[in-house]
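The values are calculated or read from the model by the stated rules, or taken from the named source; none is laboratory data. Please read these numbers as outputs of a predicted model, since none were measured by experiment. Here Cβ is always computed from backbone atoms with ideal geometry, including for glycine, and neighbour counts include all displayed protein chains.
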Amino acid sequence: MRYPLVRDLAAEGFPARLACGVLDLSTQAFCAWCRQPVGDRERENAYAINALIDARADDPAFGYRLLADEFELAGIDIGERRVWRLCSQQRLWSTTVRKGRLGKKPGPAVHDDHIKRDFTSDTPNRKWITDITEHPTSEGKVYRCAIKDLFSNRIVGHAIADR
């Protein structure tokens, strides 16, 4: 913002109109800025940033989507995209964000395809499928394995462990 520079030059005795002309600014816009140096939008953003910081103090795992939901529950009309922009400007990121994972693709399959991609079964306990997932937490990684019966489409067994 170059309006404070024009104000400082005017205080030192330079004509404001000349300073605006040199800096390629509108004199009318400078005068409007002098009447109200902080705009309504900037003031609303400052209040929203304070509210974001207060909300994140309770739970630093809150991302911008949850913070936008908190605003909505409180009756504050603010868009999710605006919350994202303010959080980005203030570097208010969720503590669960893992940077650098977006471009990674899963590796090759480490098993044989015994069911030949046919995920249906005519009788119970004939075809089971399983998957192991890794979940990073603040205390370390947690692994979960689930076994599903393809006849009933129900989980018939699962295990959770740290290794």
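Quick look at the values:
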{"read-out": "Any chance Glu44 is in a helix (DSSP H, G or I), of a type in the set (Asp, Glu) and under 30 Å from Leu9 (Cα atoms)", "value": "yes"}
{"read-out": "Tabulated pairs, the range 64-85, first under 11 Å from Leu52 (Cβ atoms), second β-branched (Val, Ile, Thr), C-beta under 6 angstrom, 6+ apart or interchain", "value": "Tyr64/Val83; Leu67/Val83; Ala68/Val83; Phe71/Ile78"}
{"read-out": "Which listed residue, of Asp59, Asp69, is of a type in the set (Asp, Glu), farther than 30 Å from Leu150 by Cβ and in contact with an Asp or Glu (Cβ under 9 Å, 6 or more places away or on another chain)", "value": "Asp69"}
{"read-out": "So Val156, is it surrounded by 12 or more Cβ atoms within 10 Å (Cβ to Cβ), over 30 Å from Ile53 (Cα atoms) and among the β-branched types (Val, Ile, Thr)", "value": "yes"}
{"read-out": "Long-range neighbours under 8 Å by Cβ, at least six apart or interchain, first residue assigned by TED's automatic domain parsing to the domain that holds Arg82 within the range 38-60, second modelled with pLDDT of 85 or more and assigned to a loop (DSSP other than H, G, I, E, B)", "value": "Ala48/Ile78"}
{"read-out": "Subset tally (residues that are surrounded by 10 or more Cβ atoms within 10 Å (Cβ to Cβ) and of a type outside the set (A, V, I, L, M, F, W, C)) for the range 103-117", "value": "0"}
{"read-out": "Flag for Thr133 being β-branched (Val, Ile, Thr) and within 19 Å of the chain's Cα centre (by Cα)", "value": "no"}
{"read-out": "From the options Ala19, Ala51, Ala109, Ala29, residue that is closer than 30 Å to Ile129 by Cα and either of a type in the set (A, V, I, L, M, F, W, C) or not in a helix (DSSP H, G or I) (or both)", "value": "Ala109"}
{"read-out": "Those residues of the range 136-163 which are under 31 Å from the mean Cα position of the chain (by Cα), in a loop (DSSP other than H, G, I, E, B) and either over 30 Å from Thr95 (Cα atoms) or in contact (Cβ under 8 Å) with a residue 24 or more places away in the chain (or both), in sequence order", "value": "Ser138"}
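Quick grid of which residues meet (1) in contact with a His (Cβ under 6 Å, 6 or more places away or on another chain); (2) surrounded by fewer than 13 Cβ atoms within 10 Å (Cβ to Cβ); (3) within 30 Å of Asn45 (Cα to Cα); (4) in the same structural domain as Ala46 (by TED's automatic domain parsing):
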{"position": "Leu67", "(1), (2), (3), (4)": "no, no, yes, yes"}
{"position": "Ala74", "(1), (2), (3), (4)": "no, yes, yes, yes"}
{"position": "Val83", "(1), (2), (3), (4)": "no, no, yes, yes"}
{"position": "Arg126", "(1), (2), (3), (4)": "no, yes, no, no"}
{"position": "Asp131", "(1), (2), (3), (4)": "no, yes, no, no"}
{"position": "Ser138", "(1), (2), (3), (4)": "no, yes, no, no"}
{"position": "Lys148", "(1), (2), (3), (4)": "no, no, no, no"}
